[in-house]
1. Restrict the check to the stretch 119-135 and report whether at least one residue is in a helix (DSSP H, G or I) and closer than 16 Å to residue 200 by Cβ.
2. Quickly run through the stretch 196-209 and pick out the residues that are in contact with a helix residue (DSSP H, G or I) (Cβ under 7 Å, 6 or more places away or on another chain) and modelled with pLDDT of 85 or more.
3. Please indicate, with yes or no, whether at least one residue in the stretch 59-76 is in contact (Cβ under 8 Å) with a residue 24 or more places away in the chain, surrounded by fewer than 19 Cβ atoms within 10 Å (Cβ to Cβ) and part of a helix (DSSP H, G or I).
4. Name the pairs: first residue in the stretch 89-109 and at negative phi and without any contact (Cβ under 8 Å) to a residue 40 or more places away in the chain, second residue part of a loop (DSSP other than H, G, I, E, B) and surrounded by fewer than 23 Cβ atoms within 10 Å (Cβ to Cβ), Cβ to Cβ under 6 Å, at least 6 apart or on different chains?
5. Just the residues that are surrounded by 13 or more Cβ atoms within 10 Å (Cβ to Cβ) and more than 16 Å from residue 64 (Cα to Cα), please, taken from the stretch 1-31.
6. Scanning the stretch 49-58 for residues that are in contact (Cβ under 8 Å) with a residue 60 or more places away in the chain and part of a helix (DSSP H, G or I), which turns out nearest to residue 153 (Cα to Cα)?
7. State whether the residues of the stretch 173-194 include one that is in contact with a strand residue (DSSP E or B) (Cβ under 8 Å, 6 or more places away or on another chain), on the phi < 0 side of the Ramachandran plot and assigned to a loop (DSSP other than H, G, I, E, B).
């Protein structure tokens, strides 16, 4: 089943002169378990595309379908609820809340639906075990390394079982070795859970790990290579909840 279908998406922003066209007739399709890297320099439109795919911004033209749903027909309240259920976000700066423990940070997406359930707490615990942080559940973000914080962000993004996971420079603030370990973990987790993963990055190190690779050039999404899928091992424990 196609998880993500994007057809002829365009986006521009007003300027003092002519509108700045950032995306032009962007189309793509991805299914569950597939990963895609979008490469390009800063300002090329990678983050804008991720913002639209994550429904944080609306396209000027074109359609975005996730699991057969068109989110942009929803009003703002319905869209926020839909986004919480269908989209998982992983940011370069992880955006963990400093006053909350590790497990409380993972449970943040569940708070939008009200009180967290025992089932959600159990899933958060399992996810933290999956990313190797079972012994860090009560720690604060300030007590973690950069790589550990990013792993918490991965667990948080997967809590609500989203169809689509979006990662904006997920290894940008990490050293090369830590970044590679986090990247392998992210890819392995999303593949095992049959999630669709899209990463925006300017780091060439990400390219060999993605199933498909595109670059944004002059507002268009262009194929640069078809990277061979690779399943990478990560340190134990690694038991991924369904």
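The values are calculated or read from the model by the stated rules, or taken from the named source; none is laboratory data. Please read all numbers here as calculations on a predicted model, not as lab measurements. Counting neighbours? That spans all protein chains shown, and the Cβs are built from the backbone with ideal geometry, glycine included.
1. Restricting attention to the stretch 119-135, the residues satisfying the condition of being in a helix (DSSP H, G or I) are 119-130, 134-135.
The next check asks that each one be closer than 16 Å to residue 200 by Cβ; those that pass are none.
No - not one qualifying residue is present in the stretch 119-135.
2. Matches in the stretch 196-209: 197, 198, 199, 200.
3. Among the residues of the stretch 59-76, not one is in contact (Cβ under 8 Å) with a residue 24 or more places away in the chain, surrounded by fewer than 19 Cβ atoms within 10 Å (Cβ to Cβ) and part of a helix (DSSP H, G or I), which makes the answer no.
4. Within 6 Å, the pairs are 101/138; 103/137.
5. 12, 21, 22
6. If we filter the stretch 49-58 for residues that are in contact (Cβ under 8 Å) with a residue 60 or more places away in the chain, which is where we start, we get 49-50, 53-54.
Next cut, part of a helix (DSSP H, G or I) only: 49-50, 53.
Values: 49: 21, 50: 17, 53: 19 Å.
This residue is 50.
7. Checked the stretch 173-194: no residue is in contact with a strand residue (DSSP E or B) (Cβ under 8 Å, 6 or more places away or on another chain), on the phi < 0 side of the Ramachandran plot and assigned to a loop (DSSP other than H, G, I, E, B).
Residues checked against (1) assigned to a loop (DSSP other than H, G, I, E, B); (2) within 21 Å of the chain's Cα centre (by Cα):
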site	(1), (2)
8	no, no
11	no, yes
15	yes, no
21	no, no
24	no, no
29	no, yes
37	no, yes
41	yes, yes
47	no, yes
